[in-house]
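Shown next, in structure tokens, is the structure this report addresses.
The values are calculated or read from the model by the stated rules, or taken from the named source; none is laboratory data. Given the structure is predicted, the values throughout are model-derived calculations rather than measurements. Please note: Cβ atoms are built from the backbone with ideal geometry, for glycine as well, and neighbour counts cover all protein chains shown.
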Amino acid sequence: MHDHGRAVYDFFYNNFVQLPEHIKSGTFDVMITLPVSLQFMATLRTTDVDYSIPNLTGGIVMVVYGWRKAAVPLTASNIATRLIWTFAVHNYTSASS
């Protein structure tokens, strides 16, 4: 898997795993009543940045370096295509394993 795709996955993983426990224990109800966005609290309550930020940074650096060596222009359409391709490969490999 690509480093930047794995970094995004790792960044949110703990929150997705803990969500059912928050619902069972009632802490999710407390999150609903807080004056903060529920989406923000549910996805970013605990973040695992010790691995995700370096992996994301390293992945971006490697992709930009490779694109420059291959003379691929750094355009919005190329970046969008790369992101779509990364998540498509990630979903395919997750579904097959």
- Has segment 65-76 got any residue that is modelled with pLDDT under 80 and surrounded by 15 or more Cβ atoms within 10 Å (Cβ to Cβ)? no
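Conditions tested, residue by residue: (1) polar (S, T, N, Q); (2) surrounded by 12 or more Cβ atoms within 10 Å (Cβ to Cβ); (3) at pLDDT 75 or above.
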| position | (1), (2), (3) |
| --- | --- |
| Gly26 | no, no, yes |
| Leu38 | no, yes, yes |
| Thr57 | yes, yes, yes |
| Val63 | no, yes, yes |
| Ile79 | no, yes, yes |
- Item | Near pairs, Cβ below 7 angstrom, 6+ apart or cross-chain, from segment 24-36 (closer than 15 Å to Thr46 by Cα) to any residue that is among the small types (Gly, Ala, Ser) | Met31/Ala42
